[in-house]
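The values are calculated or read from the model by the stated rules, or taken from the named source; none is laboratory data. The model shown is predicted, which means the values in this text are computed figures rather than measured ones. Methodologically, a virtual Cβ is constructed for each residue, glycine included, from the backbone with ideal geometry; neighbour enumeration extends over all protein chains shown.
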Amino acid sequence: MDMKWNLIILFVLLLVLGLPATAYAHGARIDYTVNMTIDIVANYDTGEPMGGAQVVVYAPDDPSNPWLTGACDDEGRFSFTPDTSKPGSWTIQARQSGHGDIVHIPIGADTAVTGSTGGYTVLQIVLMAVCGIWGFAGTALYFLRRRA
Amino acid sequence: MGKRISILTVSVLCLFIIALIGCAGARAVGTLQFHANGEDFVREGFVSKDGWSINFDHVYITLADITAYQTDPPYDPHSGGELKGKVNVGLNEVYTVDLAEGGTDAPPILVGEVQDAPAGHYNAISWKMVKASSGPASGYSLVIVGTAEKDGRSIDFTMNVDKECGYSCGEYVGDERKGILEKGGTADLEMTFHFDHIFGDAETPMDDELNLAALGFEPFVDIAEGGKLDLNMGELHLGHVGEGHCYCECH
């Protein structure tokens, strides 16, 4: 009986020590996020730029209220970085001197990319833990089996 | 006694279930209004590109097949094509409205409304400008009545247009976004008519596309009194949604 309990304790110790753990050593880690910038160019139908045109940007989650306001430069250009945590149709409106236009730009849920150079995902950690526990439990049960 | 209680209990339960079903089945609807707007050009008058000071007494326009759409992806009027929406609501009648009604401070004209329109964002609209079958504009799709003055000369004019046009428009462009209808709420869409596109505008640079395409008032002087105008409505881009674009076909 003591031998069996010693084996069980040994397997439990191996299980605890075997799980992935943070290594506090001379490591480095880089986290990154890919952002998108939307550039628009507003022109009159004649091709002339709408220099100084007033711009209003609406986010998908609040179509009634402006998310951002601004003005085009002299060449009719305007840039902004949408909040990619809000996927859907982003609406940009440009107006000047009684002329105006509106454009809708779809931003997908997978547009924003974040990541890092190391670490495991939660799913990977769970799977590894389950495999480890199953392996150790099975081994322990083997040694604890009743002898015929 | 016990039987009565059982019958009462079952009745209450049935009523409760019916109420639950009714609430669960209630649609998210609201009121969608349709407005027509001749803007300050019509309400206050303006000076044409060739110097005529024009004021309007009446601007009768006859509208039919007025339909609002929830489109996804949003309809692009620049490319034209059939306007299809996930949800369509519209007015079933033909309406003759006077864009000059109410004077200088009047709001846009309420043409009609749909009281059980499904909630959502109506980001496109279409309508037809058709000949009126009766009333002050009978036989014409557009009748303009007013006065033009220049260099001490004053002309009372009535201009009649019998061209019929269809407009397919994208989202309204203006100070605020329109057509966002919430459950139990009210939203509106606007059919905007830019009459400076016909006569031009002295306050706009003469080399602006608007004035280059506009006819001014001078060509109409000789036919101003009861004359029928032969306008190329398709090229004049009369119909807009605020400052937003419409695809137009006229015949």
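Output the residue which, of all residues in the stretch A:94-148 that are modelled with pLDDT under 85 and of a type in the set (Ser, Thr, Tyr), is nearest to B:Tyr172 (Cα to Cα).
A:Ser97
Please specify each residue of the stretch B:139-179 satisfying the condition of being within 14 Å of another protein chain (Cβ to nearest Cβ) and more than 21 Å from the chain's Cα centre (by Cα). Walk me through how you get there before you give the answer.
Pass one, the stretch B:139-179, residues within 14 Å of another protein chain (Cβ to nearest Cβ): B:169-179.
Matches in the stretch B:139-179: none.
Does A:Ile92 satisfy the criteria of being without any contact (Cβ under 8 Å) to a residue 12 or more places away in the chain, surrounded by 19 or more Cβ atoms within 10 Å (Cβ to Cβ), within 14 Å of another protein chain (Cβ to nearest Cβ) and assigned to a strand (DSSP E or B)? Give the steps one after another, and end with the answer.
Working: without any contact (Cβ under 8 Å) to a residue 12 or more places away in the chain: no; surrounded by 19 or more Cβ atoms within 10 Å (Cβ to Cβ): yes; within 14 Å of another protein chain (Cβ to nearest Cβ): yes; assigned to a strand (DSSP E or B): yes.
Spelling it out, it is not the case that A:Ile92 is without any contact (Cβ under 8 Å) to a residue 12 or more places away in the chain, surrounded by 19 or more Cβ atoms within 10 Å (Cβ to Cβ), within 14 Å of another protein chain (Cβ to nearest Cβ) and assigned to a strand (DSSP E or B).
Is there a residue being touching a Ser or Thr at 6+ places or on another chain (Cβ under 8 Å), at pLDDT 95 or above and within 14 Å of chain A (Cβ to nearest Cβ) anywhere in the stretch B:105-124?
yes
If you take the residues in the stretch B:180-194 that are away from chain A (no Cβ under 13 Å) and assigned to a loop (DSSP other than H, G, I, E, B), which one is surrounded by the fewest Cβ atoms within 10 Å (Cβ to Cβ)?
Restricting to residues being away from chain A (no Cβ under 13 Å) and assigned to a loop (DSSP other than H, G, I, E, B), the top hit is B:Gly184.
So, in the stretch B:77-103, exactly how many residues are buried (at least 16 other Cβ atoms within 10 Å of the Cβ), out of contact with any helix residue (DSSP H, G or I) (no Cβ under 7 Å at 6 or more places or on another chain) and in a loop (DSSP other than H, G, I, E, B)? Give the steps one after another, and end with the answer.
Residues of the stretch B:77-103 buried (at least 16 other Cβ atoms within 10 Å of the Cβ): B:77, B:83, B:85, B:87-91, B:94-100.
Add one more test, that the residue is out of contact with any helix residue (DSSP H, G or I) (no Cβ under 7 Å at 6 or more places or on another chain), and what stays is B:77, B:83, B:85, B:87-91, B:94-98.
Pick out the ones that are also in a loop (DSSP other than H, G, I, E, B) and you get B:77, B:83, B:85, B:91, B:94.
Residues meeting the conditions: 5.
Residues of the stretch B:25-54 being over 30 Å from B:Thr186 (Cβ atoms) and outside any strand (DSSP E or B), which ones?
Looking only at the stretch B:25-54, we keep the residues that are over 30 Å from B:Thr186 (Cβ atoms), and these are B:45-54.
Selection gives B:Gly45, B:Ser48, B:Lys49, B:Asp50, B:Gly51, B:Trp52.
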